[in-house]
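The values are calculated or read from the model by the stated rules, or taken from the named source; none is laboratory data. This is a predicted model, so every value here is computed, not measured. Cβ sites come from the backbone with ideal geometry, for glycine too, and all protein chains shown count toward neighbours. Only protein heavy atoms, including side chains, enter the accessible area calculation; ligands, DNA and RNA are left aside. Shrake-Rupley method; radii C 1.70, N 1.55, O 1.52, S 1.80 Å.
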Amino acid sequence: QVQLVESGGGVVQPGRSLRLSCEASGFPFSRHAMYWVRQAPGKWLEWLTAISYDASNQYYADSLKGRFTVSRDNSKNTLYLQMDSLSTEDTAVYYCASLIGRDRSDNYYDVDYWGQGTLVTVSS
Amino acid sequence: QAVVTQEPSLTVSPGGTVTLTCGSSTGPVTSAHYPYWFQQKPGQAPRTLIYGSKNKHSWTPARFSGSLLGGKAALTLSGAQPDDEADYYCMLSYTGAKVFGGGTKLTVL
């Protein structure tokens, strides 16, 4: 079955960096666009970034101000999020997700795949 | 970046009907924004109810429907059940980037 498993969360000091990973299984990862979404405690969902199936395109929320970088390794079925210059406002549960894939005829299809989330706490 | 607006909270009676809306600061919401509606319950990841304005996944209960209404995306719940009490988020697409609304806390009471 489809699984997205995030890892790399934890407690980090302000100003430091952290890299999250999201390992995918059960679907053709290399044919799926992937997202990172976060949710601060008790707050709303915030879309952070998307990366196309072949990594040729990346999109970011303006609020990130260039501090986060998304990447993927299709040979490892893994998505990454490099987070730099972390602040307390980055404390949140971080989810990876896929909402769309492409079949072998390059037709798009809609899916709904989410990880369980990984908690990042930025605190001194 | 665009701001997506939703009602902060709504209450519906069991068996009743309620419509949640999703607006965009850039103008009318259209099919080009490919609106999504997600349901999220405490401690769980979000789950898509509606994609592309009105399309449902196989698990989407028939009582939920999506539409474009008056320049906004809309999610209508007809015949509310206690299990529908949750947070609902819309998400709009802006040429690659996505933006979530602030969410609507739906109470079934």
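Determine the shape class of the protein assembly as shown: with a ≥ b ≥ c the square roots of the Cα gyration tensor eigenvalues, call it rounded for a/c under 1.5, and otherwise prolate if a/b is greater than b/c, oblate otherwise. In terms of gyration-tensor shape, prolate.
Average projection, convex hull of the Cα set of chain A: 7.5 square nanometres. Here the stretch A:27-124 has 45 percent of its accessible surface on carbon and sulfur atoms, given a 1.4 Å probe and all protein chains in place.
Derived scalar couplings between HN and Hα for the stretch B:44-56 equal 10, 6, x, 9, 6, 9, 9, 9, x, 6, 9, 8, 10 Hz in order, rounded to whole Hz, by the Karplus curve 6.51 cos²θ - 1.76 cosθ + 1.60 (θ = phi - 60°), x for Gly and Pro.
Taking trypsin sites (Lys or Arg not before Pro) as exposed when DSSP calls them loop and at most 14 other C-beta atoms lie within 10 angstrom, chain A has its longest site-free stretch at A:77-103. The three principal axes of the C-alpha atoms in the stretch B:1-105 carry coordinate ranges of 37, 30, 27 Å, sorted with the longest axis first. With θ taken as phi - 60° and the Karplus curve 6.51 cos²θ - 1.76 cosθ + 1.60 applied, the whole-hertz 3J(HN,Hα) list for the stretch B:96-109 is x, 7, 10, 9, 8, x, x, x, 10, 8, 9, 10, 9, 9 Hz, x standing for glycine and proline. From most to least packed by mean Cβ count within 10 Å, the peptides B:68-78, A:84-94 give B:68-78, A:84-94.
Between the stretch A:1-74 and the stretch B:1-40, how many Å separate their Cα centres? If you average the Cα positions of each part, the centres end up 24 Å apart. For chain A, the solvent-accessible area works out to 48 Å² per residue, with a probe of 1.4 Å and every protein chain left in place. With the Cα gyration tensor of the stretch A:1-42 giving a ≥ b ≥ c as the square roots of its eigenvalues, does the rule (a/c under 1.5 for rounded; else a/b larger than b/c for prolate; else oblate) give rounded, prolate or oblate? Judged from the Cα gyration tensor, the stretch A:1-42 comes out prolate (a/c at least 1.5, a/b above b/c). Once you treat every alpha carbon in the stretch A:54-98 as an equal point and sum by Debye, what is log10 I(q)/I(0) at q = 0.24, 0.34 Å⁻¹? Taking Cα atoms of the stretch A:54-98 as identical point scatterers yields -1.05, -1.43.
Checking every one of the chymotrypsin sites (Phe, Trp or Tyr not before Pro) in the stretch B:1-98 against DSSP loop status and a limit of 11 other Cβ atoms within 10 Å picks out B:59. To the nearest 100 Å², how much accessible surface do chains A and B hide from each other in total, with a 1.4 Å probe? Chains A and B together bury roughly 1600 Å² of accessible area. When the pairs B:41/B:72; A:43/A:65; A:76/B:72; B:41/B:98; B:56/B:105 are compared against a 30 Å limit on Cα-Cα distance, A:76/B:72 fall above it.
Here chain B exposes an accessible surface that is 53 percent carbon and sulfur, computed with a 1.4 Å probe and the other protein chains kept in place.
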